[in-house]
Protein chains: 2
Amino acid sequence: MTTTTARPAARPAPSGAAKDQPTDRVDVAALENLLLGQYAQLRREARAVTADPDFQKIEGMPAAEHRERVLHQLRRLEAEHDVLRSFPARHGGADDHGGSLARFEELVAGDPSLQIKAGVQWGLFASAILHLGTEYHHETFLPGAMHLQVPGAFAMTETGHGSDVASIGTTAEYDAEAQEFVIHTPFRGAWKDYLGNAAQHGTAAVVFAQLVTAAPGGPKVNHGVHAFYTPIRDPQTHEFLPGIAGEDDGVKGGLNGIDNGRLHFDRVRVPRTNLLNRYGDVAPDGTYSSPIASPGRRFFTMLGTLVQGRVSLDGAAVNASKIALAIAVTYGNQRRQFAGGGSDEVTLLDYGQHRRRLLPLVAEAYAATFAHEELLAAFDDVFSGRGDTPEAREDLETLAAALKPTSTWGALRTIQTAREACGGQGFLAENRLTGLRADLDVYVTFEGDNTVLYQLVAKRLLGDYAKSLTALQSDRGDMARFVAERVADAALHRTPLVRAVQALGDLGDARRSVGRLRDEETQRDLLTDRVETMVAQVAQALAPARTMSPEKAAALFDTHQHDLIEAAAAHAERVQWEAFTRALAGVEDPATRQVLTWVRDLFGLSLVERNLAWYLINGRLSAGRARTVTSYIDRLLVRLRPHAQDLVDAFGYRQEHLRAPISSGAEHERQEQARAHYRAQRASGAAPIPEKHVRG
Amino acid sequence: MTTTTARPAARPAPSGAAKDQPTDRVDVAALENLLLGQYAQLRREARAVTADPDFQKIEGMPAAEHRERVLHQLRRLEAEHDVLRSFPARHGGADDHGGSLARFEELVAGDPSLQIKAGVQWGLFASAILHLGTEYHHETFLPGAMHLQVPGAFAMTETGHGSDVASIGTTAEYDAEAQEFVIHTPFRGAWKDYLGNAAQHGTAAVVFAQLVTAAPGGPKVNHGVHAFYTPIRDPQTHEFLPGIAGEDDGVKGGLNGIDNGRLHFDRVRVPRTNLLNRYGDVAPDGTYSSPIASPGRRFFTMLGTLVQGRVSLDGAAVNASKIALAIAVTYGNQRRQFAGGGSDEVTLLDYGQHRRRLLPLVAEAYAATFAHEELLAAFDDVFSGRGDTPEAREDLETLAAALKPTSTWGALRTIQTAREACGGQGFLAENRLTGLRADLDVYVTFEGDNTVLYQLVAKRLLGDYAKSLTALQSDRGDMARFVAERVADAALHRTPLVRAVQALGDLGDARRSVGRLRDEETQRDLLTDRVETMVAQVAQALAPARTMSPEKAAALFDTHQHDLIEAAAAHAERVQWEAFTRALAGVEDPATRQVLTWVRDLFGLSLVERNLAWYLINGRLSAGRARTVTSYIDRLLVRLRPHAQDLVDAFGYRQEHLRAPISSGAEHERQEQARAHYRAQRASGAAPIPEKHVRG
């Protein structure tokens, strides 16, 4: 267990003039518990694991060594730690889906490569056996995958097809005579690519391929993408098995502790029973059957198991952001540069621009943390079976598709801003930030490219919108009219929200309007109205597509792709804001509640400020009101400044997690030493006179 | 020389329907010449150097090897290539300051570590001897520095002080008896830090220290920061000389071909004559003298030589952006994913969002290139002595301080967007983007932190503004009134620009207003008016500071720090736009001129769109007009799409510069192969029937 404090030995009091000193400070321990959430104990245990140097990344380690180190870490995790929670109790697991992910997310503090390689082994490879396979596979293949006797690859992506999995080229054609599937790579673009464990460690793979079979006397039919358990290397010699070959993907921009590689198959035969047949099976005679009649729905059901990857990336990205902010805020609270109006140099965080760079990101990390907790709860509900309905699954997938892009892009922005806020020191690998950023980079394009995921969300929003219209029993003409009216209405500022805001504008009292901006309902209305209006506007714009040729409809859709993505992002941010607001409602301690309300307001108003042009163009805010958004943010930043250290301390990371010399307190010690030197020099009378004083 | 073509063997024609096919395409060769600019021949020669594999970065190479490789490259450059152009002819150079920088900037295509290590050796270490030293130093120390017998460090930055050089702690106290300076590090924060060549290769350093001396009978006076030529290692044994010690800065987020390190001095003695004494000298008896009476002006004059570093970072950042865009646009023009309305999959660049991500960055790279050419010309004017006036120096320093942050931050945005646009492939080191981004990262905080540089620019803008008021011979009361009126005027939309835009708004004709938005004068007015108004507003807000206590004045200034930085950024962007517009005026070929005008418009309107809220709040654009900004950008993106490949081909980088398999044409070949496979399968009748067709 890690019990040392995050605070450097000689932690300076929050800086700023005495008048800024808060009388009430947040209850850091209680806030830490709130942030640790429903799986606090499991998170603490996982953080204790990452406090062990053997589980920590060594920056600059050559890739070959790094890969072996991470494999070793995986083996230690399996042998000593509680990493199989998500598996069924009958296989030695704990049927704890949410808790399992919470633990894995924390591994990012040790080494993101460890988090991702664990995800490949247990979250993808073993999970595919569990979720796509049936009893036979659970008995035969799952123990080896769970206990790492069989490191495995999840062979879905191909060089030619990443996001569009339905179009992969690998085929698995059934040979009824031999009762075997023949797995084959027909061209270079169909090579499996980017697979963790494929370059070196994997001895088996779950291979996704187009299942082709013929019922007796029938034609050959392609039943779409299915998964096949496929041994790839001799476990003893580690040589590829006959018909299988591959390549190493080589050095990457980060995550070099993972041996990503390529695989291709030259008519490789596996037994019929190696088909992971939960959602589609082939009888010995070649007859295909599936519990899901629609090939499209079947495909998306199989892909649905991928959601846990997205959930855990969301959590890991938020954790990485918090580590980066804890480093940068702690340093910014100690580092001084340039003399201010007084005699001493000014702490970086006492510069307006520095606060503006970092504090809104702290607010964002809070929002993302609370939103992730809700995602984790939804995930656990579905995967535990407690709330496993098609609607709940769809909601879960939409929520994951909304939050994963938001938090992973947020992490890149946050870590980079933190790195720049630490100047050149932030660029030294020893201070962690460049390594975290490099490793997190690919989070925005893997396990669902962020742009593609936002489009999924947007389509769901459009679908819900259409359904709400259908519920009104409108025919198509009515719908167009309804949409048109709604948009016109919005444009004419006649929605309730807009009425409220306008009324305020009419009062013309800046102080009262600030009062309203920090009003929870006003923020909610502003954020909600934006999503709803954007969706309605796009729906209206796309309405003519129904009667168009596919080409023209595609072109029309393309024209609005950017708007769709913006709408999805707005939806995701609103979800984060709502989660933050719900979490806030549970805070009892008045000081903590006050400070956290400011943080929530900073988050909400930063979202409004970022999209200020939209609110102005669409008549939601007057120019005068828009100005107050920025000035209220500026006031919040000043108010939050004395609490900045508390807010990042509450993330609960200790020095063994931060591991950045610049946030260890060394900077503060150096400054004390320098001050003592100059003080002694002045006292001794040996200080030279500055030239300007001589001449002056 | 590199004469191979940048186009892959089987380069596909620009995609899109035939109607989108431009009848007139740009003259790529002529455009390449335009972009290569005034030093085209030197740039071509430098690009030929980087086409040699021996000058190219090997991704994943361990730092220790990488450092030796880059030192070897430096030695080859010195021995075989024309790298001493900036030095005086009498020392074997060519007195060609602009041309020399143009060459060095191109080295970024080989390895940014090479560019920066060359910058340390010749641009900082040798240049300091040249520019801060006098005849004795030129004779004694310059040859070794120029010809690399003496690799050297530029020992300015300290752990405790980066941006605030004036406050460094290292002292050089004159000992008149011994006629020596005693260089001393009084505390840990005064260690020299982050010095290239300090960890391993350097045998000497130019050490910046507070010069302390006493005239005979006088008191000890600190004359501020001066530079001292200081041997640090035994050239034979490479051991530190007595009294000197240091540390390796270790692995960094990038640029690991450079041996950054720390140095500290324990009363190290150097001869009096090792003071680089152009701007300040100490007579044998200890008497200090300087041609510049004001210590402040003297300090900034000495630091003025740093401007060449900023100029070359601006150029190198623009080059790195162009390489990244050439890779991503070429790939996006070939890679297909998801079927569109037609039968074939859609090229990435035919997705609206993909165009929106990449093409405005192409426009930005054009603008940054043209602006850099003007910066280079200004630099050459001053450093050649042709136009070396205090005003010209000040203008040069302001221009460099404006463009370096803009282009280096632009490069990080551009390279990252390019990387994400290439999906997972963009994350493979072999495709260059992650390595370029990692190496360029520190460009935003070194050689002047971007935030600090923007503040310098803002102060100059405020100063100019104040001068323009002084020129009106206003007394202080008048000035306040003038500012107040000007701002009120602006707020009431009574400036000429605003009148024009309003009049347009009154017409209410969207098509005409788009016509006006692409009008050069409208863009200029919008961009110029924003800078002027922001400066006037801040000036007004800061006016009360004159009568405040230093503490209160500093607090007031701090409140507006963010606005100041925004104003500086707006100024820099306007400078880029003006440079683009001037370059455009020289283009003769009608098709090239037309396309380039669209690119310029895209750049200008993207700047307006990015700051749309400002234009709305300040009454410069009506809501309706603001909408047309975005819709005109959308139209420009569609128009420019067929020219995208030509526009990046004109950057003039060949495959040996891009060195990214994804932009080599391999993707196109893979697709042809896949198509041929499916075609043959269909022709043979062996293609399986899709399940949905069976059931349908």
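Matching residues to (1) among the β-branched types (Val, Ile, Thr); (2) in contact with a strand residue (DSSP E or B) (Cβ under 9 Å, 6 or more places away or on another chain):
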{"site": "B:His226", "(1), (2)": "no, yes"}
{"site": "B:Tyr229", "(1), (2)": "no, yes"}
{"site": "B:Ile244", "(1), (2)": "yes, yes"}
{"site": "B:Gly250", "(1), (2)": "no, yes"}
{"site": "B:Asn256", "(1), (2)": "no, no"}
{"site": "B:Asn260", "(1), (2)": "no, yes"}
{"site": "B:His264", "(1), (2)": "no, yes"}
{"site": "B:Tyr279", "(1), (2)": "no, yes"}
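Taking residues in the stretch A:72-88 that are farther than 20 Å from A:Arg44 by Cβ, and partners anywhere that are hydroxyl-bearing (Ser, Thr, Tyr) and surrounded by 13 or more Cβ atoms within 10 Å (Cβ to Cβ), the pairs with Cβ atoms closer than 9 Å and at least 6 places apart or on different chains are A:Phe87/A:Ser100; A:Phe87/A:Ser127.
Looking at the stretch B:615-638, can you tell me whether even one residue there is over 25 Å from B:Asp519 (Cβ atoms), in contact with a helix residue (DSSP H, G or I) (Cβ under 9 Å, 6 or more places away or on another chain) and open to solvent by less than 20 Å² (accessible area, probe 1.4 Å)?
Quick first cut of the stretch B:615-638, residues over 25 Å from B:Asp519 (Cβ atoms) only: none.
No, the stretch B:615-638 has no match at all.
Within the stretch B:198-223, the set of residues being of a type in the set (A, V, I, L, M) and either closer than 18 Å to B:Arg69 by Cα or assigned to a loop (DSSP other than H, G, I, E, B) (or both) comprises B:Ala198, B:Ala199, B:Ala214, B:Ala215.
Is it fair to say A:Val150 is closer than 24 Å to A:Gly261 by Cβ and more than 24 Å from the chain's Cα centre (by Cα)? When the stated conditions are applied, A:Val150 passes them.
Per the listing B:Ala324, B:Ala320, B:Ala293, B:Ala328, the residue uniquely among the hydrophobic types (A, V, I, L, M, F, W, C) and open to solvent by 10 Å² or more (accessible area, probe 1.4 Å) is B:Ala293. Among the residues examined, A:Leu114 does not qualify as surrounded by fewer than 24 Cβ atoms within 10 Å (Cβ to Cβ), away from every other protein chain (no Cβ under 14 Å), out of contact with any Asp or Glu (no Cβ under 8 Å at 6 or more places or on another chain) and among the aliphatic types (A, V, I, L, M). Considering the stretch B:222-253 alone, what residues qualify as being more than 14 Å from every other protein chain (Cβ to nearest Cβ) and of a type in the set (S, T, N, Q)? Matches in the stretch B:222-253: B:Thr230, B:Gln236, B:Thr237. Might you check whether a residue that is surrounded by 16 or more Cβ atoms within 10 Å (Cβ to Cβ), of a type in the set (Lys, Arg) and over 23 Å from B:Arg641 (Cβ atoms) occurs anywhere in the stretch B:551-566? Scanning the stretch B:551-566 turns up no residue that is surrounded by 16 or more Cβ atoms within 10 Å (Cβ to Cβ), of a type in the set (Lys, Arg) and over 23 Å from B:Arg641 (Cβ atoms).
What number of residues in the stretch B:30-78 are in a loop (DSSP other than H, G, I, E, B) and either aromatic (Phe, Trp, Tyr) or more than 29 Å from B:Lys252 (Cβ to Cβ) (or both)? Number of matching residues: 0. Determine whether the stretch A:688-695 contains at least one residue that is more than 9 Å from every other protein chain (Cβ to nearest Cβ) and either open to solvent by 40 Å² or more (accessible area, probe 1.4 Å) or in contact (Cβ under 8 Å) with a residue 40 or more places away in the chain (or both). Checked the stretch A:688-695: no residue is more than 9 Å from every other protein chain (Cβ to nearest Cβ) and either open to solvent by 40 Å² or more (accessible area, probe 1.4 Å) or in contact (Cβ under 8 Å) with a residue 40 or more places away in the chain (or both).
Scanning the stretch B:651-670 for residues that are more than 14 Å from B:Asn319 (Cβ to Cβ), open to solvent by less than 10 Å² (accessible area, probe 1.4 Å) and touching an Asp or Glu at 6+ places or on another chain (Cβ under 9 Å) turns up B:Ala660, B:Ile662.
Take the residues of the stretch B:671-687 that are small (Gly, Ala, Ser) and loosely packed, with under 13 Cβ neighbours inside 10 Å: which is nearest to the chain's Cα centre (by Cα)? Can you show your working first?
Initial filter on the stretch B:671-687 (small (Gly, Ala, Ser)): B:674, B:676, B:680, B:683-687.
Now narrow it down to the ones that are loosely packed, with under 13 Cβ neighbours inside 10 Å: B:676, B:680, B:683-686.
Details: B:Ala676: 46, B:Ala680: 52, B:Ala683: 55, B:Ser684: 57, B:Gly685: 59, B:Ala686: 57 Å.
Within the stretch B:671-687, the match that is nearest to the chain's Cα centre (by Cα) is B:Ala676.
Picking from A:Ala466, A:Ala471, which residue would you name as being open to solvent by 50 Å² or more (accessible area, probe 1.4 Å) and modelled with pLDDT under 95?
Numbers: A:Ala466 fails: open to solvent by 50 Å² or more (accessible area, probe 1.4 Å).
Result of the check over A:Ala466, A:Ala471: A:Ala471.
Scanning the stretch B:355-383 for residues that are open to solvent by 20 Å² or more (accessible area, probe 1.4 Å) and either hydrophobic (A, V, I, L, M, F, W, C) or within 14 Å of chain A (Cβ to nearest Cβ) (or both) yields a total of 7.
I need the full set of residues from the stretch B:424-439 which are in a helix (DSSP H, G or I), facing chain A (nearest Cβ under 8 Å) and crowded, with 24+ Cβ neighbours inside 10 Å, in order please. Step through it out loud before you land on a result.
First, pick out the residues of the stretch B:424-439 that are in a helix (DSSP H, G or I): B:424-427, B:429-431, B:433-439.
Those left that are additionally facing chain A (nearest Cβ under 8 Å): B:424, B:426-427, B:429-430, B:433-435, B:437-438.
Across the stretch B:424-439, the qualifying residues are B:Gly426, B:Phe427, B:Leu433, B:Thr434, B:Arg437, B:Ala438.
Would you mind stating whether A:Ala176 is open to solvent by 30 Å² or more (accessible area, probe 1.4 Å) and touching a residue at least 60 places away in the same chain (Cβ under 8 Å)?
Working: open to solvent by 30 Å² or more (accessible area, probe 1.4 Å): yes; touching a residue at least 60 places away in the same chain (Cβ under 8 Å): yes.
Against the criterion (open to solvent by 30 Å² or more (accessible area, probe 1.4 Å) and touching a residue at least 60 places away in the same chain (Cβ under 8 Å)), A:Ala176 qualifies.
Of all residues in the stretch A:267-284, those that are under 21 Å from A:Ala245 (Cα atoms) have Cβ atoms under 6 Å from Cβ atoms of residues that are of a type in the set (Ser, Thr, Tyr), 6 or more apart or on another chain, in A:Val270/A:Thr230; A:Asn274/A:Tyr229. For the stretch B:443-454, filtered to residues that are farther than 10 Å from B:Leu313 by Cβ and not polar (S, T, N, Q), the residue that is nearest to the other protein chains (Cβ to nearest Cβ) is B:Asp449.
Select from the stretch A:36-62 the residues that are over 30 Å from B:Asn256 (Cβ atoms), hydrophobic (A, V, I, L, M, F, W, C) and either within 14 Å of chain B (Cβ to nearest Cβ) or surrounded by fewer than 16 Cβ atoms within 10 Å (Cβ to Cβ) (or both) and list them in ascending order. Correct list: A:Ala40 only.
The residue of the stretch B:578-605 that is farthest from the other protein chains (Cβ to nearest Cβ), among those that are open to solvent by less than 20 Å² (accessible area, probe 1.4 Å) and not hydrophobic (A, V, I, L, M, F, W, C), is B:Thr592.
The values are calculated or read from the model by the stated rules, or taken from the named source; none is laboratory data. From a predicted model like this one, the values you see are computed outputs, not experimental measurements. No Cβ is skipped: glycine too gets one built from the backbone with ideal geometry, and neighbour counts run over all protein chains shown. Side chains included, ligands, DNA and RNA excluded: accessible areas come from the protein's heavy atoms. Shrake-Rupley method; radii C 1.70, N 1.55, O 1.52, S 1.80 Å.
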